Structure formats: C-alpha cells, structure tokens
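The values are calculated or read from the model by the stated rules, or taken from the named source; none is laboratory data. It should be emphasised that the depicted structure is a prediction, and the values quoted were computed from it without experimental measurement. Please note: Cβ atoms are built from the backbone with ideal geometry, for glycine as well, and neighbour counts cover all protein chains shown.
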C-alpha cells in the first residue's frame, strides 16, 4: 500500500525528472501533498528506502543533506518505461483482489472453487468478460508483464525462436509478447489467440494478427505454440486439454519432428538455495497462493510439469531457468 501511494503521488517520476539526488524539501515542494501532511512524507520514504525502491545519497552542494535517488526497482515503475510494472501493483492492490483475499478463511469452509467465486459468484475470467474495468486491469497487467518478459526472453533465449516460420501466442492478450518477438524476427508470422472480448478491438500488422477463439477447443497450426503465464491458471485436466490442442497444432503444421511448445511459467524449487534464490522461492510461493485465491490452477515443480507433458503425449522437454521466478520450457512432440 505504501508503494501504491508513492505511485499515485508520482514520486518515482518526480525524482527521475529532477535529474539528481532530490532532498525531502524539494520532494515536498514538487508533490501534491497537503501542507498538514508534509511531515509524514519522510515516514513513507523511510520505509520505501528500506525496501529498496529508493536510495539515499549526499547532495553535491550540501554534504549535510541527503537526497533520494531511483533504484533498479523504481526504474521499472516510471510512467514512460515501456516495461512498467505499476499495472501489476494496481492489480494486486485493487479492491477486487483485496476483498477476495480477505475472504480466504470463508472459502476454506465452503465448496466454492476459489475465494473469488465466493465473493463474486463467478470465476474471474467470466467476471472480466462483462466488467470492463476488471478486464482493463487484467489486460494492462498482462501487457506490461509481456513487455518486460518479452525483452528478457529475447536477450536470454533468442535462439529458441530462430528458424521458426510461424508461432501462435495462446492467451496472448493484447499482443505485447508477440510484438517483441516479431520485432526481433520480422520474417516470423505470429498469431495471438485469445478470447473474443480480449482481442475484439486490436489491430494487427504485416506479420502479426489477432484471432478470437478458445484454446480449449482448438489452436491454429504453427511451427511453435507459446504459452506465457497461462497454464498456471488451470488444474491438470484443463492443462492436458490445452497441451493436446497445442500438440495437434504443431503436428497439423507438418512440424512433427521440428515443432515445439514454448512455455514461460514458474518451475517451483528450481533454485540452488542461495540468498537470491530464497527471494525467488518466496515469490513463487506467493504466486501459488494467488492462483489458489483467484484461479483454479497452481504453480508446479518439475515433476508435476513433466507429468503434464508426458500425459499430453509429448516425448521430451528442456527447462531454461533464466527468467528469475519463471523459466522458459521447450516441449517437444
């Protein structure tokens, strides 16, 4: 909530525009803070400095004063950063999810599939289909994540996409991940498949198009199928349906030997247990709780992923653990 407050006040952007360490008095003067609240701003900033969102540095012309600087974490929160993470902050702290999380103990005592259904009477995806504000919130979050992870994938795993002529991004939302891929591979034809209400108003380009459909019914044929942060939303039975449709898509495309499914998702416990890995594990565990609260899926370990792949008829897989809490998995027919 403190971070969200800082974003709503515009603190990262104000500090960034200042161009040098910004003192508390300068920050107060630049923000829309009521005069009776100015002495509280230090308390907010003190916590956010401790959490690593801002840093302190001596001011060049006054070594008795310190000023605030951005850190790598707050750089991701700037308005003009194409990989902004602030939509994710807005989503997880939106009243719709706060209310859902507050209902967890009630859910444990009934037979609803998740706490979201306990609160709203329907799954989150159905709710989003007729609540424009919720749909916008989810799509903005997915789009910003795709901008960030798309750039990371193309730095760390660019070879995964080399040699492909066509790719379908299943549940690809507004297409930011697909756009990053086709920008790097202009000769690759990419299709974004998602629910009709998600892609209804989206415009494609020469090598990128949007298709309304249902991944549980069919996936268009392509050399490769991409599933980014999709399978963790669903239990094993539904994942098997999706994966079988993906396998059929690459088989129908004539790529039985060379085609593959590319999955970007978490692999629980896929760490070496140093200090950074402890933070990654914590993130994975928290995301697993979010899947329990809002969805019907879960985060999986390698053994659980392997069972899914083999049950769906695939013969082999390769895990590339290069995306922090997530990994890129190549699955072969």
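So here's what we get for this one:
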| quantity | calculated |
| --- | --- |
| In region 294-333, the residues that are out of contact with any strand residue (DSSP E or B) (no Cβ under 8 Å at 6 or more places or on another chain) and buried (at least 19 other Cβ atoms within 10 Å of the Cβ) | 294, 297, 298, 312 |
| Any chance residue 150 is crowded, with 18+ Cβ neighbours inside 10 Å and either over 30 Å from residue 72 (Cβ atoms) or in the same structural domain as residue 324 (by TED's automatic domain parsing) (or both) | yes |
| Breaking point among (1) buried (at least 20 other Cβ atoms within 10 Å of the Cβ); (2) over 22 Å from the mean Cα position of the chain (by Cα); (3) under 15 Å from residue 312 (Cα atoms), for residue 242 | (2) |
| Total residues in region 98-122, condition buried (at least 17 other Cβ atoms within 10 Å of the Cβ), closer than 27 Å to residue 215 by Cβ and in contact with a helix residue (DSSP H, G or I) (Cβ under 7 Å, 6 or more places away or on another chain) | 8 |
| Segments classed as helices (runs of 4 or more DSSP H), wholly inside region 1-120, with at least 1 members that are within 28 Å of residue 144 (Cβ to Cβ) and more than 26 Å from the chain's Cα centre (by Cα) | 11-18, 24-30, 41-50 |
